[in-house]
1. Given 230, 178, 262, 221, which one is within 30 Å of residue 143 (Cβ to Cβ) and either at pLDDT 85 or above or not assigned by TED's automatic domain parsing to the domain that holds residue 118 (or both)?
2. In segment 105-129, how many are surrounded by fewer than 17 Cβ atoms within 10 Å (Cβ to Cβ) and assigned to a strand (DSSP E or B)?
3. How many residues does segment 13-42 contain that are outside any strand (DSSP E or B) and at pLDDT below 90?
4. Tell me, please, whether a residue that is out of contact with any helix residue (DSSP H, G or I) (no Cβ under 9 Å at 6 or more places or on another chain), within 24 Å of residue 138 (Cα to Cα) and assigned to a loop (DSSP other than H, G, I, E, B) can be found in segment 70-79.
5. I'd like to check something: does segment 43-53 contain any residue that is surrounded by fewer than 15 Cβ atoms within 10 Å (Cβ to Cβ) and assigned to a strand (DSSP E or B)?
């Protein structure tokens, strides 16, 4: 263990040395071959180091490269390539990548992307792997979002247990999957719909027959009434003399008219007898 006094001595020596070094060169200079050379600004690189007769000569970075700080290097960094750009590369800034909807970044800078192949009812499981220069690559795998006995209800965004038809004593028509519940035989919605249409049809037919019978009854009754109104009752007329009383004068007379015709040998004789 270094004594405290020795540590203080080392700190003082380091401070004096760095202060002297800083005093030799400016803030944006770097000592090269005993000379304080100027650093190149962002967006440029060194073409010629400083010499006895001139300072550092800088030139702009080539297209496709950049430098984002002061430096004393003769090269610039290569711009990052992207499948989708959030920001283009400039002489002083690197490019920034983005991803399209439905895609996943294949690395930490998203320079490459891959399509998200997971479907509804599945989730993405990502694993990371570090590469050179600190770049991290991602691998993706699709896994079920719910358990084997569940299905994903997209309406409420939760996992629900599948219906067990055998537990309720019904045959299973559809076993269910990651996104749909099991369907038992009596739960067939198409059967219920067909039954409804059949009932409506039968009801319409019965209603039509009822209306037809009622209408026929009314028509027949009206027809009988009209026919009965046209018929006339026969009133017998009496022809007896006793039914018509006469006065005294008329009752003392009686007329009997007899008309007899006798024909003989082509001659006819008419005899009429009147009795008072």
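1. Sole residue among the options that is within 30 Å of residue 143 (Cβ to Cβ) and either at pLDDT 85 or above or not assigned by TED's automatic domain parsing to the domain that holds residue 118 (or both): 178.
2. Final tally of qualifying residues: 10.
3. The number of residues fulfilling the criteria is 18.
4. Yes, because at least one residue in segment 70-79 is out of contact with any helix residue (DSSP H, G or I) (no Cβ under 9 Å at 6 or more places or on another chain), within 24 Å of residue 138 (Cα to Cα) and assigned to a loop (DSSP other than H, G, I, E, B).
5. Yes: one or more hits.
Yes or no, residue by residue, for (1) surrounded by 12 or more Cβ atoms within 10 Å (Cβ to Cβ); (2) at pLDDT 80 or above; (3) out of contact with any strand residue (DSSP E or B) (no Cβ under 6 Å at 6 or more places or on another chain):
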{"site": "153", "(1), (2), (3)": "yes, yes, no"}
{"site": "162", "(1), (2), (3)": "yes, yes, no"}
{"site": "169", "(1), (2), (3)": "no, yes, yes"}
{"site": "191", "(1), (2), (3)": "no, no, yes"}
{"site": "200", "(1), (2), (3)": "no, yes, yes"}
{"site": "209", "(1), (2), (3)": "no, yes, yes"}
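Here is a yes/no grid of residues against (1) in the same structural domain as residue 37 (by TED's automatic domain parsing); (2) over 49 Å from the mean Cα position of the chain (by Cα); (3) over 21 Å from residue 128 (Cα atoms):
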site: 53; (1), (2), (3): yes, yes, yes
site: 61; (1), (2), (3): yes, yes, yes
site: 65; (1), (2), (3): yes, no, yes
site: 71; (1), (2), (3): yes, yes, yes
site: 105; (1), (2), (3): no, no, no
site: 117; (1), (2), (3): no, no, no
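Yes or no, residue by residue, for (1) outside the structural domain of residue 31 (by TED's automatic domain parsing); (2) over 30 Å from residue 26 (Cβ atoms); (3) touching a helix residue (DSSP H, G or I) at 6+ places or on another chain (Cβ under 9 Å):
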| position | (1), (2), (3) |
| --- | --- |
| 45 | no, no, no |
| 85 | yes, yes, no |
| 88 | yes, yes, no |
| 94 | yes, no, no |
| 128 | yes, yes, no |
| 139 | yes, yes, no |
| 154 | yes, yes, no |
| 157 | yes, yes, no |
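The values are calculated or read from the model by the stated rules, or taken from the named source; none is laboratory data. These figures come from a predicted structure and were not determined experimentally. Cβ coordinates were reconstructed from backbone atoms using ideal geometry, including for glycine residues, and neighbour counts include every protein chain displayed.
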